[in-house]
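In what follows, a structure is listed as structure tokens, so that the remarks can point back to it.
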Amino acid sequence: MVVDEIPLERCHAGYVTYLDYASVWLTDSNMDLDVAALNAVLRCGACFSHLIAPTTLPCGHTVCVDHPTTTRCPVLHCNPHNGPTRPRIPSASRVNYLPPPALSNSLPSSVSDAPKVDVTINKIISLLNGLQDNQQPTQSSTTRPRSHSGSPPARPRKRQRVLDPDSDDDENNVDLLSHLRRLSPPRDPTPSFAKELLTELSCEICFMLLYNPVTTPCQHTFCAKCLHRALDHSNLCPLCREALPGFSFFEDHPVNQTVETLIVTAFPEMYTERAETIASEERDARLDTPIFVCMLIFPGHPTVLHFYEPRYRLMLRRCLEQEVPSFGMIMPPRNGEQSSFGTMVEIRSVQMLADGRSMVETWSTFRFRILERGTLDGYTVGRIERIDDMPDSPTLGLTGPSNTELMEMCTEFLQQLRRGTAPWVVQRLQNVHGPPPDDPAAFTYWVALILPLDDYEKAKLLPIRSARLRLRLVAHWIEQLNSNWWFASGCVVV
Ligand SMILES: [Zn+2]
Ligand SMILES: [Zn+2]
Ligand SMILES: [Zn+2]
Ligand SMILES: [Zn+2]
């Protein structure tokens, strides 16, 4: 069912909430929750009896809170498998991904000292207990099969049994209320119960059905991706504000097996639909090129970047799920003017740090122009056009010095720098970027990196599609620098 099919009267001022959608879905799908199956899920992995005061461990197992859990999980053969939170790096990717420094998934001592009760599972146990309480008199008074069609949604939390006035009744003393009750359809609490169950199984961050549910040591459960995004901003639990162990603790965290099984048992179709929606959202997120607004960079050079802003941490995780993880890099806007030209960079290596920041080694590949730009989850995305050099026209070579002469002039300038006040600058450039390239196209970028000019001036190289024109621009800058320095000190250039 799609949201368009929701009757208009169910929409609030045109805005359809997930629960609006879900409640229609629950009613229309004529679903019948298998309460016995749900109860079967709610068993302790250690003592196999019904969970009492459940607590969920970092391995994803839920056990009664009074089992000793400080040293290890009491579930036999506990062998936690990896969680869904680490980026799924495709096998074809050449990225060298280094996870954060090893941290065991054991509970931090402050948490393990006083295990808490899993909030979600505990509420569901109460919900099921309430349902059983409500069903008791119904089952004794009717044998009609369950049917949702036409029956008004019941309210299991209103304990009708408490209000039942016919506890002393006999067949000859039937008051109006009990008479009406007998005429009414059997009290089937399922649609309303399903809605309440869905509410309990919804994530408090995205307000949708939990997907890959991960439980924090404070025993709150969120979608793995939602928790990761919350941790990009803060190390506090989004719900109770308790300090969480940190990003790396949840980097590859197992899901809460009990909650996931409850979801798959109660709402299998909705869970599949949710998985498909998330997958398609992630696909859509990769359609446009992510743009990192950071600095000037030219093709053919390595750069090490520090990712710490929440929006770029998310961007990086999405990039890593591509076969060739890459993003565009442009300079920050100046005087309100956005940069339209930038350079694509390929991610070569990622070192995750324990707090979720990362150091990323990249290699810049080609220049681009942004044709259209937008924003996705806080970062810039764009439709881009690749910029490549055109073959230089023969007329360009006829005027002025030849390419070789221009390159020699640049090299001479670098020699002057080396002999002058900052020889280390040239040395450092050579250490990082290697010797000057022979190819005039690459040479222009190599020289531009070292020139003591404003980066916004250097960025003028990006749109130029002729290596010769770029070379002439670089030579022009050098001429200007030479004459300015001559006038400034008269003797800087020896
Ligand atoms: Zn137990
Ligand atoms: Zn375990
Ligand atoms: Zn969520
Ligand atoms: Zn919490």
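The values are calculated or read from the model by the stated rules, or taken from the named source; none is laboratory data. This one's a predicted model, so the numbers in the text were calculated from it and none came from an experiment. Quick reminder, even Gly has a Cβ in these numbers, built from the backbone with ideal geometry, and neighbours come from all protein chains shown.
Annotations for the structure displayed:
- Annotation note: Cβ proximity below 7 Å between a residue of the stretch 413-425 that is within 15 Å of Val447 (Cα to Cα) and a residue that is at pLDDT 80 or above and not aromatic (Phe, Trp, Tyr) (sequence gap 6+ or interchain) occurs for Phe413/Ile478; Leu414/Ile450; Val425/Ile450.
- Looking only at residues in the stretch 280-323 that are buried (at least 19 other Cβ atoms within 10 Å of the Cβ) and aromatic (Phe, Trp, Tyr), the one that is farthest from Arg229 (Cα to Cα) is Phe298.
- Within the stretch 260-269, one or more residues are within 16 Å of ligand 2 (Cβ to nearest atom), farther than 30 Å from Asp454 by Cα, touching a residue at least 60 places away in the same chain (Cβ under 8 Å) and surrounded by fewer than 19 Cβ atoms within 10 Å (Cβ to Cβ).
- Any hit, the stretch 100-118, residues being modelled with pLDDT of 85 or more and among the β-branched types (Val, Ile, Thr): yes
- Pairs where the first residue, in the stretch 60-80, is in contact (Cβ under 8 Å) with a residue 12 or more places away in the chain and the second is within 11 Å of ligand 2 (Cβ to nearest atom) and not in a loop (DSSP other than H, G, I, E, B), C-beta under 8 Å, 6+ apart: Gly60/Gln257; His61/Gln257; Thr62/Thr56; Thr62/Gln257; Thr69/Val63; Cys73/Val63; Pro74/Val63; Val75/Val63
- Among (1) touching a helix residue (DSSP H, G or I) at 6+ places or on another chain (Cβ under 8 Å); (2) away from ligand 1 (no atom under 16 Å from the Cβ); (3) within 17 Å of Thr55 (Cα to Cα), the one test that Asp232 misses: (3)
- Filter result for Ile387 (more than 23 Å from the chain's Cα centre (by Cα), surrounded by 12 or more Cβ atoms within 10 Å (Cβ to Cβ), among the β-branched types (Val, Ile, Thr) and at pLDDT 90 or above): yes
- Test for Phe247: is it within 20 Å of Met352 (Cβ to Cβ), crowded, with 20+ Cβ neighbours inside 10 Å and of a type in the set (A, V, I, L, M, F, W, C): yes
- Across the stretch 34-59, the qualifying residues are those that are more than 9 Å from ligand 1 (Cβ to nearest atom) and among the small types (Gly, Ala, Ser), and the one among them that is nearest to Pro74 (Cα to Cα) is Ala53.
- The residue pairs whose first member lies in the stretch 275-295 and is of a type in the set (Ser, Thr, Tyr), whose second member is not in a helix (DSSP H, G or I), and whose beta carbons are closer than 6 Å, counting only pairs six or more residues apart or on different chains, are Thr289/Gly328; Thr289/Gly382; Thr289/Ile384.
- Inter-residue pairs, beta-carbon under 9 Å, first within 18 Å of Glu269 (Cβ to Cβ) and in the stretch 32-49, second within 16 Å of ligand 2 (Cβ to nearest atom) and in a helix (DSSP H, G or I), 6+ apart: Val41/Thr258; Val41/Thr261
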